[in-house]
Amino acid sequence: MTVRRAGLIAVIACAIAATSAQAQTDAAAGGDAASAPRRGNVLTLRKTTPSTAPDHAPTVASFVRLAAAHNLEALFMSFDDVPVRVNGEAAIKHFLASEVIPFFAETDRLDTQLRVTEASFEDGSTGHMAYSYVVTTSGQFKPFVIAWRGDSDKLRVMDVQLGRCVKARHPVTPGRCDR
């Protein structure tokens, strides 16, 4: 019983010492512990404001325009060499002709709701993934995901997923990814 009580007293003493040291640090910084805002590592890492982030809408819109225009050759040329090498030219062209072009056939415009995240690919390269919708001529919102490499002017598509809503990533608003 005495050993347990001595251990408890040591833990309490450590907690009091840590609180006292934090209060001294806060006081030296010009405030008391109660009024000083608590800052964690996460808050200090989030210094980039959305306005300084690059606008990826033109990149995504260029792919959507090519698909809506049924431009198979230009769509194929927008793909990076990695998926073409892995899947083959015929497979990529078949995917574009049978799935991508029909998906975007009735597209009126790219939706204004666009979420872009950083992406890392299997070959170690980095790029972006955009989660968005196209708005059809009938007003329907169709979700899609496009992944591309790098930030260069030339679009280098790594992957496209059609018609699948990723609720954790797609903007969720009524009429979009709200099911």
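Just so you know, all these numbers are worked out from the coordinates, no wet-lab data involved. Quick caveat: nothing in here was measured; it's all calculated off a predicted structure. Here the Cβ is made from the backbone with ideal geometry for all residues, glycine too, and neighbour counts use every protein chain on show.
Details
- Modelled label positions at R65 and D108, each set 7 Å beyond Cα in the direction of Cβ, lie 2.0 nm from each other.
- Counted charge near T137, where neighbours are those whose Cβ lies closer than 11 Å (Asp, Glu -1; Lys, Arg +1): -1
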